[in-house]
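Worksheet: one structure, shown below.
The values are calculated or read from the model by the stated rules, or taken from the named source; none is laboratory data. Everything numeric here is computed off the predicted structure, so don't read it as measured data. With ideal geometry, Cβ positions are generated from the backbone for all residues, glycine too; neighbour counts draw on all protein chains shown.
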Amino acid sequence: MKGRLAVPGSPLAHIDSWVTGGLISAEQAERIKQFESRSAAGAPPAEPRPEGPALVTEALGYLGGVIMIVASIWVTAELWPDMSTAARLALVGGAALLLLGAGAAVPQRAAEVGARLRSVLWLLSTLAAAGFAALVATETLDWVDEDVAAAATTTALIWAAALWFVHRELLQQVAFFVALAASGGAWTATLGGTIDDAAEIGLAVAAVGAVWVLLAWGGLLTYRTVAMVLGTVMAILGAAMTMSAPDWGYYFVVAVLVVAVAFALYVRSLGLIAVAAVGALQTLPAVMAHFFEGSVAAPLALVGVGAVMVGAAIFTARRNRTSAESAQGHARRRRGAEGSRTVAVTAAAVVVAAAVVAILAVGL
């Protein structure tokens, strides 16, 4: 079946080259292949659904969710000081369960519209669950600071993991990833003794981001491109937090930026390069001010480096316009972009181990 569908002139003949060329994502390519496979097998095409009712359904769902949030905030602001602990817990916990049930009640036949609506409702439910855990920690257990953060983020992580398991959509994946990074930072602060240990928290957050990028690159995550971009953002954000430790944090943020740029070039991802560029714009001025305070040589050196990079970009663009890419180069680029699961898992394990050792070393 696969060979018959992929013959020249068939709809699938050039899909892989479209993915490599950046015209479509790997997820879109997979959906096209599945659709064409069903068509070739004689499966009847799905009947088109009217867009009007679907749009109304989705809009009403979002509007209803916004109204619920606004009303909850209003009630909270007006009545919260006079409410008992039990009433507060019931309000926040009830909101989490109500949003969870509303998402589950979205009919499966609603297709993409239902999937999006369910994703939004369950994302709000995850946030409400985190708020409930924080409320329990503060109101009933008298926890403070890092303990409250650990309770809230861990609850959000478990909640998001369960929802992602049953609903493999982008928002649930993003919710799990953000909760994972937040809980990693919170537990690091708890083990370190204070939530103000920004450098240690930054190491944990950066490690989560790096692991996420590697798993996405190895094909272990859906929405691969988005996952790599978000992971790179989180890694750079965590590295920036380590600059509170002037003895090593500035070196670390530079190292992360170099690795991010090198990886972006290896997988040939313009999105990752853009993220690295924005990260450099946000962090390099502080780095240069730290190492070369009051010196004009540092900014001039940066101008020179930037000029060389622009020149290299122009040279590469002109060369690509005048010479066709060889078959070997095309295959090499594809292998680099797709990644290896074994290499990805191994590298992720190394990152986790290195992060644990570094956090313990910094804490000592």
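Per-structure values
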quantity: Number of the condition not met by Val178 [criteria: (1) at pLDDT below 95; (2) among the β-branched types (Val, Ile, Thr); (3) closer than 24 Å to Val256 by Cα]; calculated: (1)
quantity: Search result, residues across region 92-107 that are touching a helix residue (DSSP H, G or I) at 6+ places or on another chain (Cβ under 7 Å) and surrounded by fewer than 19 Cβ atoms within 10 Å (Cβ to Cβ); calculated: Gly93, Pro107
quantity: Residues of region 133-153 satisfying the condition of being closer than 25 Å to Arg168 by Cβ and of a type outside the set (Val, Ile, Thr); calculated: Ala133, Ala152
quantity: Every residue from region 108-128 that is surrounded by fewer than 14 Cβ atoms within 10 Å (Cβ to Cβ) and either touching a Leu at 6+ places or on another chain (Cβ under 7 Å) or free of Cβ contacts under 8 Å to residues at least 40 places away in the same chain (or both); calculated: Gln108, Arg109, Glu112
quantity: Residues (under 29 Å from Thr342 (Cβ atoms), surrounded by fewer than 21 Cβ atoms within 10 Å (Cβ to Cβ) and more than 15 Å from the chain's Cα centre (by Cα)) located in region 159-206; calculated: Ala162, Phe165, Val166, His167, Trp187
quantity: Residue check for Gly209: assigned by TED's automatic domain parsing to the domain that holds Val275, modelled with pLDDT of 95 or more, over 13 Å from Thr283 (Cα atoms) and buried (at least 18 other Cβ atoms within 10 Å of the Cβ); calculated: yes
quantity: Residue within region 137-156 that is surrounded by fewer than 19 Cβ atoms within 10 Å (Cβ to Cβ), of a type outside the set (A, V, I, L, M), touching a residue at least 12 places away in the same chain (Cβ under 8 Å) and touching an Asp or Glu at 6+ places or on another chain (Cβ under 7 Å) present; calculated: no
